[in-house]
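Beneath this line is the structure, given in structure tokens, with notes to follow.
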Amino acid sequence: MIDHLVSGFIPLAHWNNILAIVGGSIVGYLVGALPGLSATMGIALCLPFTFYLSPLASLLFLTSLYGAAEYGGSITAVTLNIPGETAATPTTFDGYPLTKKGFPAKALGMSIVASFYAGIVSTIALILTAVPLAGMALSFGPPEYFALGLFGLTAVAALAGKSWVKGCIGILFGLLINTIGIDDISGTSRYIFINALYEGLPLVPLLIGLFAISEVLMTMEESTQTMVVTKISGSLPTLKEYLRCHTAMVRGTLIGYFIGIIPGAGKAVASFIAYNEEKRASRHPELFGTGVLEGVAAPEAANNSVVSGALVPLLTLGIPGSAAAAVLIGAFTIQGLQPGPLLFVKQPELVYGLFAGLLAGNVVMLAMGLLGTQLWAKVLLVPKNILTPIVLTITLFACYAESNSLFSIWLALGFGLLGYIMRKFEFPVAPIVLAMVLGKMIETSFRKSLILSEGSASIFFERPVTIALFVIAMVSIAFQIYRAKKKAADRG
Amino acid sequence: MNFIKRFGRLFIPGALLTVLFSGYSLGSAPAQAAEAIKFPIKPITILNSSPAGSPADVMARQIVQHAKKYLNQPMVVVNKTGGSGGVMFASLMADQADGYTISTITSALITALHGDLKKDFSIDQFEFLAHVQKEPFCIAVKSESPFKTLKEMIDHAKKNPRLKIGGQATYSALHLLALALAEESGMPISYVPYGGGSEILTSLLGNHVPVVVTSPTTMNQYVEAGQVRILVTSGEKRLPQWKNVPTLKELGYNIVITQYRGFAAKKGLPPDVRAILVDTIKKAMAEPGFKEYLAKNSQFAEFMGPEEFTAAVRADYEYMGKLLQKVVKK
């Protein structure tokens, strides 16, 4: 295997492969930073152009794009409180407070290092464990997805902020609006009043509305005196701070890698769970949400680690581990390749070239990220009365670009208003996003499970993975309640 | 300053001359064009309702690549995804029927006209240009499965609790295939709808369902790797790569369901434009490069011209409509 890997690096010396990695990273970085353009869309948009590249160059371009986009999503999350990607939503929780305190570069620096760390470690994990772990992807049937979805929902504890009840209301609202559209199991239409709702509520306008537009509305309230930013520190995190976050990065990387392997779970689930677990494991959970670096490191590590995780079932079984990886299958077929059980046997040079490219791509991403940090921090020096309208225009444009319909823009504005009202009443908006991410998975897998068991609920309690996930979910909730009780007792 | 003045002095007469000459050339263009203008004079857009990399998209891109030498203008594939094809239909119908916007068409898209799309579109609005590919569906089990033949599977299903069969979305062609077989053979089944090809595959390989209905393309390499066994296919004839796998028809079932991929346009194309488009597609299909792509992906091509293809599409549309009424709308 080592000699395979070494020979995998050889084609990287070819100029068009280098160009593919650098080009892919640049495009990915921009796609990630633009709210509304996701990694999946970026890959889909660039796919037709790769038709003319060699198979290896095409895959290097797209995987570099994928990785860099996962990092890019955190830039606007940190600087503007607008997640550039659904998976970057948890990054806003602590990244944006850091910016408000005047340390955007610390948050950005942490996020790029965490992304790089996760990228390298998970790629090595991919090289070593792809074949043995492939079976894990198959062990997830409908009951397991249902349990994973429920476990994911427990992350609401970390997002709810001050009030559990408000967090749960957000979750229920999210689950409710998730039922809009054609139901996947029976084909029935639900809550469709206009044609545009056939496919359900799209996530991007919702994300833009709840985060970006409500933020813009909040900014409008501020008086012009506070619009001029007083001081922005350009300092990156210190070595000590990096080392302090090391365990957070390790945890985030592991969570991201394993969730990446499970097809259909998705990177947003990974970063929400990573944030929740980090908060739970922390010795000072009350500080989360005020700008702690661990709160940036864990979800950022997780969403980059998903990239390699998603390649495990893709390369070994031909099953994509994420939406972006599903589009990557298209890249393989355009080149006349079939990812799957025969790929390692028929085209080992391609697979190992891809591995080597992933490692190199992460180095390019780190360099670009570090160079860009100072630049992005400077964006914040633009007075808010100038920056805010620009942000509004770009995000609305992104909304339109995503679906080519004006309806998305109205949707974003509507959710913007909703987000504004929610913030006014101190309702956290993130639980809605969490419920939107998990809702479909929970519902369809629950119903598929019951079709499989012919209506018997015992199917959820017969399978080891399901039971384990239920237990973890239960422990997670119990632990948080215990801690809250204890804190109340200490105070009283 | 001096430089700018001199530049201006040169520039203005230059610009005037250009305008003058372009006026002349415009004036003379129609006279020449009467004989020279030949379709196409600008790039042709091919709309595709599935994302880049999907089978119909790859087919369109291969045709585009191999049609290059037969057209003096490029063809461009544009992916218009969403709404079970509705988004693509809408933009096809929004353009002129002049041959500069055509689309790929598949059996799934035409079958979808029986569903919610019926409100906005009808099969009569299309002109079918050329049939390119044809592929049946198949019923697959894992190699370890006790079912060696379709008969064993059906016998087992009749004596045991409902057989679970995994496949694509409710009311899709795969769903109809499973329901039709269940009805003809009298075996009780539960259909588990999955999101797409790779989800169906995962459910089979992970032992979540014992049997799946799917397209041969997604199964080829797993059969080759010895992980999957194919019990039956749903076409008129056996597939060349699986010579020993019988068809449903051979086994005595009156079920033939195939999916086709080809090209269509908005109704009302000028006959000469249609002839050029059809001829180009036909020539591209005969290119060695195109044949190589087919062989690599175990795909089969069969050219059909407008009349033949229209008849085939209509027949399939009626058949699926009847099937839908028979098995679903009871």
DSSP-assigned coil residues among trypsin sites (Lys or Arg not before Pro) in segment B:92-189, each with at most 13 further Cβ atoms within 10 Å: B:148
Contour excess over end-to-end distance, with Cα ends at residue B:326 and residue B:125 and 0.36 nm allotted per residue: 69.7 nm
Among the listed pairs A:440/B:296; A:440/B:326; A:279/A:378; A:346/B:68; B:38/B:283, those beyond 25 Å (Cα-Cα): A:440/B:296; A:440/B:326; A:279/A:378; A:346/B:68
Compactness of segment A:81-154, expressed as Rg and Dmax over alpha-carbon positions, Å: 17.0, 47
Sequence-separation-based contact order of segment A:63-204, relative, with Cα cut under 8 Å and 6+ spacing, percent: 11
Within segment B:146-177, backbone nitrogen closer than 11 Å to the virtual label 7 Å beyond the Cα of residue A:463 toward Cβ: none
Evaluated at q = 0.21 Å⁻¹: base-10 log I(q)/I(0), Debye formula over Cα of segment A:178-279: -1.10
Overall Cα dimensions of segment A:403-454, principal axis frame, Å, largest first: 45, 33, 11
Residue exposure sequence - A:305, A:322 - by fewest surrounding Cβ within 10 Å: A:322, A:305
Segment A:112-222, dipole about Cα centre (Lys/Arg Cβ +1, Asp/Glu Cβ -1), debye to the nearest 20: 240
Calculated Rg and Dmax of the protein assembly as shown using C-alpha coordinates, Å: 28.3, 100
Mean Kyte hydropathy of 0.5 or more with a Cα span along the axis of at least 20 Å, helices from DSSP in chain B: B:2-36
Compactness relative to 2.2 N^0.38 Å, alpha carbon Rg of segment B:184-330: 1.26
Equivalent ellipsoid dimensions for chain B as semi-axes, Å, which come from the Cα gyration tensor, largest first: 50, 20, 19
Cross-link reach list, aspartates and glutamates versus residue A:166, counting only Cα pairs under 17 Å and skipping chain neighbours closer than eight places: A:426
Whole-number Å³ per residue for the convex hull built on Cα positions in segment A:1-139: 130
Ordering of A:438-448, A:24-34 by burial proxy (mean other Cβ atoms within 10 Å per residue, highest first): A:24-34, A:438-448
Ranked by how many other beta carbons lie within 10 Å on average, peptides A:250-258, A:413-421 from highest: A:250-258, A:413-421
Top positive-direction residue, dipole computed over segment B:129-279 with Cβ charges, set B:167, B:198, B:264: B:167
All aspartates and glutamates inside 13 Å of residue A:487 as judged from Cα atoms, apart from same-chain residues fewer than 8 positions distant: A:286
Of all DSSP beta bridges in chain B, antiparallel share, percent nearest 5: 60
Shielding by partners - mean other protein chain Cβ count within 10 Å, residues of A:334-343: 5
Calculated Rg and Dmax of segment B:233-288 using C-alpha coordinates, Å: 17.2, 46
Base-10 log of normalised Debye intensity for chain A (one unit scatterer per alpha-carbon) at q = 0.10 Å⁻¹: -0.73
Taking N as its residue count, the alpha carbon Rg of segment B:100-174 over 2.2 N^0.38 Å: 1.62
Cβ neighbours within 10 Å from other chains - mean over B:50-58: 6
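The numbers here are math on the coordinates, done by the rules we state, and not lab data. Please read these numbers as outputs of a predicted model, since none were measured by experiment. We place every Cβ from the backbone using ideal geometry, glycine too, and count neighbours over all the protein chains shown.
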